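The values are calculated or read from the model by the stated rules, or taken from the named source; none is laboratory data. Note that this is a predicted model, so its numbers are computed, not measured. Protein only, heavy atoms only, side chains kept; ligands, DNA and RNA dropped before computing areas. Shrake-Rupley method; radii C 1.70, N 1.55, O 1.52, S 1.80 Å.
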Amino acid sequence: MKRTVINLAKEKSRGIDALKGTGVPAVFSDAVRIDLGECALLFISGAVGTDESGTLVGRTMKEQTRGVLERIKAVLEREGGTFDHIVRVRVYATQVDQASIRDIHEVRAGYFTAGNYPASTLVRVDQLIRDGALIEIDADAVIPTP
């Protein structure tokens, strides 16, 4: 078994306002990969919908969901995976009304292959780490190795 830590962040605070300028690092990785021979387990940390500079990608649930899934996609592609390899997601949203649920699933449908959906949990939360963030998603994937 081989364990690899994946860090795509350019700065130690990872955009967390409480840590900026303090010298205190955000103590987590974008993902951790465990190679098991015939496959690799990829555990992707929760992400909010921000761009590379740490700015929220929009104000709507659709925009932020798309931003989160693009961040997850970047980790998957870097590690040789696709959304078809995701086996579980956990979704944390500050809004869980009918419109928000539709928006989340509409965007997700553009990333996951019909009939190959992951196990999923959706939890309503009062607030996320980033002010203005509406949604955070983490994911677990099983990626076949060549």
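Accessible area of segment 42-146 with a 1.4 Å probe: how many percent of it is carbon plus sulfur?
49
With the Cα gyration tensor of segment 1-133 giving a ≥ b ≥ c as the square roots of its eigenvalues, does the rule (a/c under 1.5 for rounded; else a/b larger than b/c for prolate; else oblate) give rounded, prolate or oblate?
oblate
If amide H atoms are built 1.01 Å from N in the plane of the peptide, which residues on other chains or at least 5 residues away come under 5 Å of the amide H of V87?
Under 5 Å from the amide H of V87 lie the amide H atoms of D140, A141, V142, each far enough along the sequence or on another chain.
Using the Karplus curve 6.51 cos²θ - 1.76 cosθ + 1.60 with θ = phi - 60°, what ³J(HN,Hα) values do you get for each residue of segment 88-95, in whole Hz, with x for Gly and Pro?
7, 10, 10, 10, 10, 10, 7, 10
Which ³J(HN,Hα) values, rounded to whole Hz and listed in residue order, are derived for segment 29-36 from phi using the Karplus coefficients 6.51, -1.76 and 1.60 in 6.51 cos²θ - 1.76 cosθ + 1.60 with θ = phi - 60°, glycine and proline given as x?
So the J values, rounded to whole Hz, are 10, 5, 6, 10, 10, 10, 8, 10.
Can you work out the Karplus-derived ³J(HN,Hα) for every residue in segment 126-136? Use 6.51 cos²θ - 1.76 cosθ + 1.60 with θ = phi - 60°, whole Hz, and x for glycine or proline.
With the stated coefficients, segment 126-136 comes to 6, 7, 10, 4, 9, 4, x, 6, 9, 8, 9 Hz.
List the relative contact order of the chain as a percent without decimals, with contacts defined as Cα pairs under 8 Å and 6+ residues apart. Kindly include the intermediate steps, with their values, before the conclusion.
Numbers: 264 pairs, mean separation 42.9, N = 146.
With pairs under 8 Å counted, the relative contact order is 29 percent.
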